[in-house]
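Below you'll find the structure, written out as structure tokens, and then a few comments.
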Amino acid sequence: MGAVRGVRRWWRAADRREARVTLGALLLLVPVAPAAGWAGGALADASLQREVRAQQEERRATDAVVVDRVPEGRRSAGDPDAASGRTTVVAAWRAPDGTPRSGEAAPVSAPGGGPGARVRIWTDREGLPVPPPMEARTARTHALLGGAGAFLLAVGCVEAGRRLAVARMVRQRYARLDREWAEADQDWGRAGTDR
């Protein structure tokens, strides 16, 4: 205890205040950042799991027949199927109400063969092609990433608050030093003289 008092004696009051702000930020960070990460991840997981269930209810796998392959040049640069390497085909299938449909679709697996090959595609309630529903495992991964993001955001906010508080204290210290120098400048070089 005597050693701590000895070290504190050499610290300036401004240094002690900055150390208190840093300790306060650390003590705030320990419970807040993990709680924010857990809450963010839990909220994201609940929302994404609801979305997974909704997608599984409204989308269904449908048998289709390949009419032709989509030429590589017709795909846009922003096409997620092109980026993932999935093959897009022109196919024909039936909507849930029996209406014949045709158009570009991404089969569940790469079609084995050319025109006339049978493939499975995902369609919505109207029979229009849609991406496959999100898997629960993928949703959980996204929720974990969301939780990690919330954790890092909490850490960043606490650190930003600490830096703002320390910067304010430094500005006040410099303002006080400027005032003291301005007062000392009036007598600068005249110590011991009678004006």
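The values are calculated or read from the model by the stated rules, or taken from the named source; none is laboratory data. None of these values were measured; they are calculated from a predicted model. Note: ideal-geometry Cβ built from the backbone for every residue, glycine included; neighbour counts use all protein chains shown.
Within the stretch 100-118, does at least one residue satisfy the condition of being more than 30 Å from LEU26 (Cα to Cα) and in contact with a His (Cβ under 9 Å, 6 or more places away or on another chain)? No. Per the conditions (1) in contact (Cβ under 8 Å) with a residue 12 or more places away in the chain; (2) under 30 Å from VAL108 (Cα atoms), the sole criterion not satisfied by GLY149 is (2). Tally time: how many residues in the stretch 127-147 are assigned to a helix (DSSP H, G or I) and of a type in the set (A, V, I, L, M)? Residues in the stretch 127-147 being assigned to a helix (DSSP H, G or I) and of a type in the set (A, V, I, L, M): 5 in total. A single member of ALA33, ALA25, ALA19, ALA54 is assigned to a helix (DSSP H, G or I) and in contact with a Lys or Arg (Cβ under 8 Å, 6 or more places away or on another chain), and it is ALA25.
Residues in the stretch 51-60 that are hydrophobic (A, V, I, L, M, F, W, C) and either at pLDDT below 90 or surrounded by 14 or more Cβ atoms within 10 Å (Cβ to Cβ) (or both): 1 in all.
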